[in-house]
Amino acid sequence: MQWGSWIALAAVFSSACWFLSQWQFARQKEVIAANAIIQKNYNANPVPLESVLKVHQAWNNHLEFKPVVLAGHYIPFDEYLVRNRPNNGSPGFLQLVAFMTTNHTIIWVDRGWLATGNKTDKPDFVPAVDEKQRVIVLRLRANEAPDNRTAPLRELPNIDLPLASKEITSNNVYLQSYGRLVNETPSLLRGSDLGEPDLTEGNHLSYALQWLAFALMAFGAVFWNISQDRRRRAGLSARKLKMLTQDKDGEIEDELLDRK
């Protein structure tokens, strides 16, 4: 009866490990698919913004890092610093500025990374923008989900576009997507470019294999204990687990002890 309980417990544990392994395999597939989209889009030729995404159109993940080109001007008074944006291990901010297109739509532009100042919790220098007409190239990114953190005036806890746009009276604002600045003509001083995204697949495969190993180990442990229990009931001494690295002298010593 006790053996049946052990087997049932191992079966429940192994089933949980199996489902966790499948979840990790699924996560790996998602990462691979997302990386493939970025690899396809990142260095593609820019296309007009409204040819791939309109103001009130739902975001499509296949647009991630898609380069687009548009003309218009910055809105200097509609800008924020986005907090908690580390880069190469250093704390910093992103500069987020609203841009009015010639079609009278507004899209938020990430103008680069700014290091946290040495004396204050703000950049030592924030590049200014003007209202001159210019052509800019952006890589599209999705709006970030809101969170419960707070931020000082003219700062944001993350790139929450509805929150950033709450003071804008126009209804023609891209709330599903913003753009990471690639270049602009004429150019202005800007923050550091964050470079290409990390396209590693993470540890999902190794975690999946670990969960499968745990499932096998659970049954191995049960059958080992059943074997030991049967030996005890038969009046035999329990087997000893021998490490693969155990030398021959150690094996002989165990045999002598078993004979006593």
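The values are calculated or read from the model by the stated rules, or taken from the named source; none is laboratory data. In this text the structure is predicted, and so the values were computed from the model without any measurement. Here Cβ is always computed from backbone atoms with ideal geometry, including for glycine, and neighbour counts include all displayed protein chains.
If only one of ASP160, ASP110, ASP124 is surrounded by 11 or more Cβ atoms within 10 Å (Cβ to Cβ), without any contact (Cβ under 8 Å) to a residue 12 or more places away in the chain and among the acidic types (Asp, Glu), which one is it?
ASP124
Quick check: is even one residue across the stretch 67-81 more than 14 Å from LEU138 (Cα to Cα), assigned to a strand (DSSP E or B), touching a helix residue (DSSP H, G or I) at 6+ places or on another chain (Cβ under 9 Å) and not acidic (Asp, Glu)?
yes
I need every pair where a residue in the stretch 166-194 that is exposed (fewer than 14 other Cβ atoms within 10 Å of the Cβ) has its Cβ under 6 Å from the Cβ of a residue that is not in a strand (DSSP E or B), sequence separation at least 6 or different chains.
LEU189/PRO127
Output the residue which, of all residues in the stretch 29-61 that are in contact with a helix residue (DSSP H, G or I) (Cβ under 8 Å, 6 or more places away or on another chain) and not aliphatic (A, V, I, L, M), is surrounded by the fewest Cβ atoms within 10 Å (Cβ to Cβ).
The selected residue is ASN61.
Is it the case that ASP198 is at pLDDT 75 or above and out of contact with any strand residue (DSSP E or B) (no Cβ under 6 Å at 6 or more places or on another chain)?
In short, yes.
Among the residues that make up the stretch 85-93, is at least one of them crowded, with 20+ Cβ neighbours inside 10 Å, among the small types (Gly, Ala, Ser) and over 23 Å from LYS166 (Cβ atoms)?
Among the residues of the stretch 85-93, at least one is crowded, with 20+ Cβ neighbours inside 10 Å, among the small types (Gly, Ala, Ser) and over 23 Å from LYS166 (Cβ atoms), which makes the answer yes.
Out of all the residues in the stretch 132-146, is one or more assigned to a loop (DSSP other than H, G, I, E, B), surrounded by fewer than 16 Cβ atoms within 10 Å (Cβ to Cβ) and without any contact (Cβ under 8 Å) to a residue 12 or more places away in the chain?
Among the residues of the stretch 132-146, not one is assigned to a loop (DSSP other than H, G, I, E, B), surrounded by fewer than 16 Cβ atoms within 10 Å (Cβ to Cβ) and without any contact (Cβ under 8 Å) to a residue 12 or more places away in the chain, which makes the answer no.
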